[in-house]
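Engineer: The structure that follows is given in the form of structure tokens.
The values are calculated or read from the model by the stated rules, or taken from the named source; none is laboratory data. Please read these numbers as outputs of a predicted model, since none were measured by experiment. With ideal geometry, Cβ positions are generated from the backbone for all residues, glycine too; neighbour counts draw on all protein chains shown. Keep in mind that these areas ignore ligands, DNA and RNA; they rest on the heavy atoms of the full protein, side chains included. Shrake-Rupley method; radii C 1.70, N 1.55, O 1.52, S 1.80 Å.
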Amino acid sequence: MASQPRLQVLAASKNKVSTLKGFPSLPSLESSVLCIVFFKYLIFCPYLSIAEDLSPKEIAIAKHYPAHTAVCIAGGWEFCSSKQALESTFNFLVEQWKDHFPPGYMLMEASVDQPFEEDACNCHFLFTKDKTVDENSELVLNYQWFIGSTTLSNFTPIPDATAEVYWPKRDDVGKILRVECTPVLGDTKYTSIFAISSPVSPGTTYTPSLEDVGAYLALHWVPTRADGKSGQPVVSICNNPVAPGFPVASKVSVKALSLYNYSGEGIYFGGYEGSSIFSWFRENMDRTIVPINGANSKIYEVTDADYNCRLMFGYTPVRSDSVVGELTMSEPTDVILPGCLAKIQEACQIPVV
């Protein structure tokens, strides 16, 4: 049999590939399927329309390969079976990255969960350090999430997606996520590494509401075939009741009710709210912040001591079972005007000359 053209050469070719029928036979089914993955699923090539050539078995095999397979192929990784591909591709990437790791550190994991619409998607980067590393030094990992149409496309940074977890949006469905992890040791930033996800799936999860707390959730699933024929329904019940979340106060702010009265605002989350703690603070002209004794309700009336200061509202969420969350404070108000000036402005009309 004639020698096979290398995939890199085929990918760079200007010839339009519309079908894999008649394509030279490859040594094994998995190799041919991986070739299909490389062309059909992992490269953004508008000339391909080969889904009709794939059997369900071939598609199933293709999905057993890691999402970053195309990146590895482009870098020179050699084919192997799907059972070995996850470890093999990871080792291939580590070989490319290891000279740029912080001294004494080795990468043990770089992966990202299967993403679902409106569900938490976590990335996993794990470094280990040897005994020669200073115990007082701490490795910090910075993150940036990206989105693209395919594995080898030009990924676009997702604004404000810089945490270890990202919640895919509806517009992300069908697209690929890429998260870059930048190790930082002391004042030194090292070369970023990455993990690539499978396409974002439509949302299939249920987000419990406040009314669900303490109850057991049950899933009723009716398997339905593409032609509309349904099978026997299946019911699954959670082993544990829905637990309340940790109490959190968000969107804490101050609203002016009148010249002398202010209201503290905020949104509570975390099960049923108990006796949450409200507090008020003064920010002095030197930027120091001091608590106002006795100010422990949502409504606050200005006193003479507040003039030339700014007011801040504090919200400490407390759950109904007495679990206490963290204090969240509002932004400072405008400077409170001196009392005499405020009263003159309120009671008198001063002519302008």
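Engineer: Tally the residues that are closer than 16 Å to Ser253 by Cα and of a type outside the set (Ser, Thr, Tyr), restricting the search to segment 302-325.
Structural biologist: Initial filter on segment 302-325 (closer than 16 Å to Ser253 by Cα): 310-317.
Filter once more, so that each one left must be of a type outside the set (Ser, Thr, Tyr): 310-314, 317.
The total comes to 6.
Engineer: Could you pull out the residue among Gly266, Gly271 that is in contact with a helix residue (DSSP H, G or I) (Cβ under 9 Å, 6 or more places away or on another chain), buried (at least 17 other Cβ atoms within 10 Å of the Cβ) and within 30 Å of Glu331 (Cα to Cα)?
Structural biologist: Numbers: Gly266 fails: in contact with a helix residue (DSSP H, G or I) (Cβ under 9 Å, 6 or more places away or on another chain).
The match here is Gly271.
Engineer: Right, something else. I'm checking my understanding of the structure. Among residues of segment 241-259 that are part of a loop (DSSP other than H, G, I, E, B) and out of contact with any helix residue (DSSP H, G or I) (no Cβ under 8 Å at 6 or more places or on another chain), which one is least open to solvent (accessible area, probe 1.4 Å)?
Structural biologist: Pro247
Engineer: Out of all the residues in segment 207-217, is one or more touching a residue at least 40 places away in the same chain (Cβ under 8 Å) and of a type in the set (Gly, Ala, Ser)? Give the steps one after another, and end with the answer.
Structural biologist: Within segment 207-217, the subset touching a residue at least 40 places away in the same chain (Cβ under 8 Å) is 207, 210, 213.
Next, only the ones that are of a type in the set (Gly, Ala, Ser) stay: none.
No; the residues of segment 207-217 include none that is touching a residue at least 40 places away in the same chain (Cβ under 8 Å) and of a type in the set (Gly, Ala, Ser).
Engineer: Continuing with the same structure: Within segment 123-240, which strands (runs of 3 or more DSSP E) (wholly inside it) include 1 or more residues that are surrounded by 10 or more Cβ atoms within 10 Å (Cβ to Cβ), modelled with pLDDT of 90 or more and basic (Lys, Arg)?
Structural biologist: Counting at least 1 such residues, we get 176-185.
Engineer: Can you find even one residue in segment 308-327 that is in a loop (DSSP other than H, G, I, E, B), open to solvent by 80 Å² or more (accessible area, probe 1.4 Å), in contact with a strand residue (DSSP E or B) (Cβ under 7 Å, 6 or more places away or on another chain) and at pLDDT 95 or above? Give the steps one after another, and end with the answer.
Structural biologist: Of all residues in segment 308-327, those in a loop (DSSP other than H, G, I, E, B) come to 308-309, 317, 320-323, 325-327.
Going one step further and asking which of them are open to solvent by 80 Å² or more (accessible area, probe 1.4 Å), we end up with 321-322, 326-327.
Cutting the leftovers down to in contact with a strand residue (DSSP E or B) (Cβ under 7 Å, 6 or more places away or on another chain) gives us 327.
Checking which are at pLDDT 95 or above leaves us with 327.
Taking every residue of segment 308-327 in turn, at least one turns out to be in a loop (DSSP other than H, G, I, E, B), open to solvent by 80 Å² or more (accessible area, probe 1.4 Å), in contact with a strand residue (DSSP E or B) (Cβ under 7 Å, 6 or more places away or on another chain) and at pLDDT 95 or above.
Engineer: Read through the list (1) touching a residue at least 40 places away in the same chain (Cβ under 8 Å); (2) part of a strand (DSSP E or B), then give the number of the only condition that Gly271 fails.
Structural biologist: Tallying (1) touching a residue at least 40 places away in the same chain (Cβ under 8 Å); (2) part of a strand (DSSP E or B), Gly271 fails exactly one: (2).
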